[in-house]
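Q: This structure is in structure tokens; I'll ask about it shortly.
The values are calculated or read from the model by the stated rules, or taken from the named source; none is laboratory data. Keep in mind it's a predicted model, so treat the numbers as computed, not measured. We place every Cβ from the backbone using ideal geometry, glycine too, and count neighbours over all the protein chains shown. The area values use the complete protein model at the heavy-atom level, side chains included, leaving out ligands, DNA and RNA. Shrake-Rupley method; radii C 1.70, N 1.55, O 1.52, S 1.80 Å.
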Amino acid sequence: MHTRRSFLRTSLAATTAILADVSSIAAKERTAAVSKSPSDAYVGGVKFLTPEAPDYATAREVYNAGILTQPKVIAYCTSETGVQHALERAKAENWPVAVKAGGHSFEGFCLNDDGLVVSVSPMREMQLDPKTGILTAGAGCRLEEVNQFLLPRGRFLPAGSCRTVGLSGLTLGGGYGMFARKWGLTCDHLRRIKMVDGAGMIRDSNEEPDLLWSSRGGGNGHFGIVTELTFNTRPAPAQFSSWKFRAYKLDPKRATALLEAWFDATSELPNEAFSAWIMNGSQVTVVVITIGSREEKGLVAFRRQLTGLTKKVTSGGPTSLKKALTWYYGEQGPVYFKNASAGYYKGIDDVRSALPGIFEEVLTVPGLIFQINTLGGAISNDVEGAYPHRAFPYLGESQAYWESASHAAVLREAIGRMRNHIAQAGVTNHYANYPDLAFRDWPTAYYGAENYARLQQLKQRYDPENRIHHPQSVQLPV
């Protein structure tokens, strides 16, 4: 079984030179051989790829192997000017536009059928000001590249864990990970973006502050194509430690008791720590990591409580952050899967009435995983931005992984039933980076009604012809 199962096997086994005044790097991209045909040549910072081009498949590749969408043309852009040329062609041909960077959109929003995809994947240059720790990154940078660039320079940008996730898409949707409780979301570190809007105009959030607001959790693919992002970074943590607790052969009653204990124990975790509760079949794995002291009072109490309720405990570290991050990088992909938000919670009572149905599905349908992650800490701080879920200290995920089409249908149906159980429990807030096409009121679920209305006004300003869109992009106001 692929990816998250490998995540459980590998990452949890361990525990999901300055030049002048500025350091810089240009990250290389894994690409197929480039065709010599005129349609494949870079002109003005863009190369237009049609399905016949030998490198079209590589440019189209997304992490979710089940996404079969086939764009008419992919505009492979190396510069801001290239993005402008791509939008000019889309307007001339009256093509809809989707935006692709890392290709990790779970529902394939980075592709479209019979339209143009603007790929900023080649735009992967990074610069770090060693005096201020400010990072400027091209919109195509991947998380592994960012880590490899920053850590040798003693800096770190809190983000997710999967190596091939695109920095821009992660940031625009919020960007939580193991270090967000300590320092906040990835989008909280964002200080500037540059964007080409739906009309092909270059925009800068230093001149238009609403753009920075929208880029802090307001999602992506709505009304412009981000080409460059500037972040504050943090001093790299000195060490990383992790623990893994396993319980086996659980029934719904025992799983509920263990989840209750986990919610109780996580309430006292220090902000330097993160934990996840992961149910896969009749097994529950609890992960906890810290970049702080292994002997912090709340962390010691957490380990003591979980040790008494589980059958096996293993630990990793302390070790360097550089080494530890590789434990969580996961597979390169593509992978057949379905991953969706299972909602934000303030505590177990928010989801309690859904648990019997969720546990029944996970216990009886192989390939299903139900996971809850800790948020809170610095995420709760008041930051000016479109991310609306800061009051919630927990986030759930529904996941499914398969290798055959017949199993896919069974798992998708089971995910649907889990979604219904969660909705019936009154859980209505969801993470935009874990979208689901079946969410009924996705604008409010992802952004909140007030924020969504503000995003619609920006849509009207920057993309009044609705050139850039996908099935859950911000709509023009009525």
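Q: If the viscosity is 0.890 mPa s and the temperature 25 °C, what Stokes-Einstein diffusion coefficient in µm²/s follows for the stretch 111-175 when Rh is the Kirkwood radius over Cα pairs?
A: Values: Rh = 12.8 Å.
The estimated diffusion coefficient comes to 192 µm²/s.
Q: Only four residue types carry charge here, +1 at the Cβ of Lys and Arg and -1 at the Cβ of Asp and Glu. Report the dipole size of the chain about the Cα centre in Debye, rounded to the nearest 20. If you can, show how the numbers build up before the last one.
A: Numbers: 51 positive and 45 negative charges, 307 e Å.
Approximately 1480 debye in magnitude.
Q: Using a 1.4 angstrom probe on the protein heavy atoms only, line up Ser161, Ser353 by accessible area, largest first.
A: Ser353, Ser161
Q: With a point put 7 Å past each Cα toward its Cβ, work out how far Glu413 is from Leu476 in nm, to one decimal.
A: Each label point is offset 7 Å from its Cα along the Cβ direction, giving 4.1 nm.
Q: Where a Cα-Cα gap under 25 Å defines reach, which lysines qualify for Lys322, not counting those fewer than 8 residues away within the same chain?
A: Lys28, Lys131, Lys182, Lys244
Q: Let me ask another. First select every other residue whose beta carbon is under 11 angstrom from the beta carbon of Arg419; then total the charges, Lys and Arg +1, Asp and Glu -1.
A: Within the 11 Å Cβ shell, the charges total +1.
Q: Also, I was wondering about something else. Give me the extension gain from Gln460 to Gln283: residue separation times 0.36 nm, minus the current Cα-Cα distance, reported in nm with one decimal.
A: 58.8 nm
Q: Multiply the residue gap between Glu384 and Gln305 by 0.36 nm, knock off their C-alpha separation, and tell me the result in nm, one decimal place.
A: 24.7 nm
Q: Give the carbon-plus-sulfur fraction of the accessible surface of the chain in %, rounded to a whole number; probe 1.4 Å, heavy atoms of protein chains only.
A: Exposed carbon and sulfur together represent 50 percent of the surface.
Q: Debye calculation, C-alpha points only, no solvent: report log10 I(q)/I(0) for the stretch 154-286 at q = 0.17 Å⁻¹, in the same order as the q values.
A: Debye curve over Cα of the stretch 154-286, log10 I(q)/I(0) at q = 0.17 Å⁻¹: -0.94.
Q: With a 1.4 Å probe and every protein chain left in place, tell me how much accessible area Met201 has, in Å² to the nearest 10.
A: 110
Q: Something else: Grab the eigenvalues of the alpha-carbon gyration tensor for the stretch 255-389, scale each by 5, take roots, and send me the semi-axes largest first in whole angstrom. Write out the running numbers ahead of the final one.
A: Working: eigenvalues 109, 77, 75 Å².
The equivalent ellipsoid of the stretch 255-389 has semi-axes of 23, 20, 19 Å.
Q: What would the Debye formula give as log10 I(q)/I(0) at q = 0.08, 0.09, 0.13 Å⁻¹ for the alpha-carbon point model of the chain, no solvent?
A: Per q value, in the given order, log10 I(q)/I(0) is -0.46, -0.58, -1.25.
Q: Looking at the stretch 187-232, I'd like the Rg to Rh ratio, where Rg is from alpha-carbon atoms and Rh is Kirkwood's inverse mean 1/r.
A: Radius of gyration over Kirkwood radius for the stretch 187-232 works out to 0.92.
Q: Then there is this: Going toward the positive end of the dipole of the chain, with +1 on Lys and Arg Cβ and -1 on Asp and Glu Cβ, which of Gly108, Thr256, Gly166 do you reach last?
A: Thr256
Q: Quick check: convex hull over the Cα atoms of the stretch 60-203, volume per residue in Å³, rounded to an integer?
A: Output value, Cα hull per residue: 107 Å³.
Q: So what are the radius of gyration and Dmax for the Cα set of the stretch 327-419, in Å?
A: 15.5, 46
Q: How fast does the stretch 324-478 diffuse by Stokes-Einstein, in µm²/s, taking the Kirkwood radius from C-alpha pairs at 25 °C and 0.890 mPa s?
A: 142
Q: With all protein chains present and a 1.4 Å probe, how do Asp251, Asp382 order by accessible area, largest first?
A: Greatest to least solvent exposure: Asp382, Asp251.
Q: As an exercise, use a Förster radius of 22 Å and the Cβ-Cβ distance of Arg192 and Glu450 to find the FRET efficiency, rounded to the nearest 0.05.
A: 0.35
Q: Mind checking the log10 I(q)/I(0) for the stretch 152-221 at q = 0.16, 0.19 Å⁻¹? Debye, one equal scatterer per Cα, no solvent, two decimals.
A: Computed log10 I(q)/I(0) values: -0.59, -0.78.
Q: Could you order His470, His421 so the one with the most accessible surface comes first? Probe is 1.4 Å.
A: From most exposed to least exposed: His421, His470.
Q: Once the Cβ-Cβ distance between Arg440 and Lys131 is put in as r, and R0 is 56 Å, what FRET efficiency do you end up with, to the nearest 0.05?
A: According to the calculation, E is roughly 0.70.
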